[in-house]
Amino acid sequence: MLFRSESCDAVDQDCDGSVDEGVPDDSYEMTGNTPYTLTGTSATGWFSSTDTAGEDWYTFTVAVSSTAKSTKNVHISYSGPSGHVVTVEENDGTKTTSTTVTSASPMSTIVVKGGTSVFTILVAADRSLSDSDLCLTPYTLKIY
């Protein structure tokens with residue numbers, strides 16, 4: 001008998017009566033001290049029971065002309081399971097600010113003034129959700 005491994009799709013591939021158990025997660029975990037670098041403007045991810053940390057880490061950098069009046073609005077939008085918490089930390093070299101974004105209040109706007117700001121984003125899972133719940137509702141994080 002050939003057993004199939006589960007995938008994150010709310011289907012019981014291995015025919016054991018459970019769905020999405022033991023599905024590998026999305027691999028956006030912090031490796032050492034290096035978060036996954038957000039090279040585009042969005043990421044979609046999920047967690048599973050194999051993800052012991054229950055969190056994903058991203059980083060992105062915004063550079064703005066250093067003239068005094070130059071600013072850029074950075075919009076961070078999140079949708080996904082309501083129990084997840086998204087923490088955005090900005091470090092512009094002089095100060096660090098922290099913002100929390102949830103599905104209930106899905107968007108945050110951060111004004112970046114002249115210079116370079118490095119943002120680190122932590123998406124932490126609601127540990128009460130099952131693998132099936134998490135696979136049915138992956139999260140999407142958008143930066144624009």
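The values are calculated or read from the model by the stated rules, or taken from the named source; none is laboratory data. As the structure is a prediction and not an experimental result, all values here were calculated from the model. Cβ atoms come from the backbone with ideal geometry, glycine included; neighbour counts cover every protein chain shown. Just so you know, the surface numbers come from the protein's heavy atoms only, side chains and all, with ligands and any DNA or RNA stripped out. Shrake-Rupley method; radii C 1.70, N 1.55, O 1.52, S 1.80 Å.
Structure summary
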{"read-out": "Checking LYS113 against (1) of a type in the set (D, E, K, R); (2) more than 19 Å from ASP56 (Cβ to Cβ); (3) touching a Cys at 6+ places or on another chain (Cβ under 9 Å), the condition it does not meet", "value": "(3)"}
{"read-out": "Members of the range 86-102 that are open to solvent by 60 Å² or more (accessible area, probe 1.4 Å) and not in a loop (DSSP other than H, G, I, E, B)", "value": "GLU89, ASN91, THR96, SER98, THR100"}
{"read-out": "Residue check for ASP16: among the acidic types (Asp, Glu), outside any loop (DSSP other than H, G, I, E, B) and at pLDDT 75 or above", "value": "no"}
{"read-out": "Tally, over the range 108-132, of residues that are modelled with pLDDT under 75, surrounded by fewer than 16 Cβ atoms within 10 Å (Cβ to Cβ) and not hydroxyl-bearing (Ser, Thr, Tyr)", "value": "1"}
{"read-out": "Verdict on SER77 being of a type in the set (Gly, Ala, Ser) and surrounded by fewer than 16 Cβ atoms within 10 Å (Cβ to Cβ)", "value": "no"}
{"read-out": "Residue that is nearest to the chain's Cα centre (by Cα), among those in the range 38-70 that are open to solvent by less than 80 Å² (accessible area, probe 1.4 Å), more than 28 Å from SER130 (Cβ to Cβ) and at pLDDT 75 or above", "value": "THR59"}
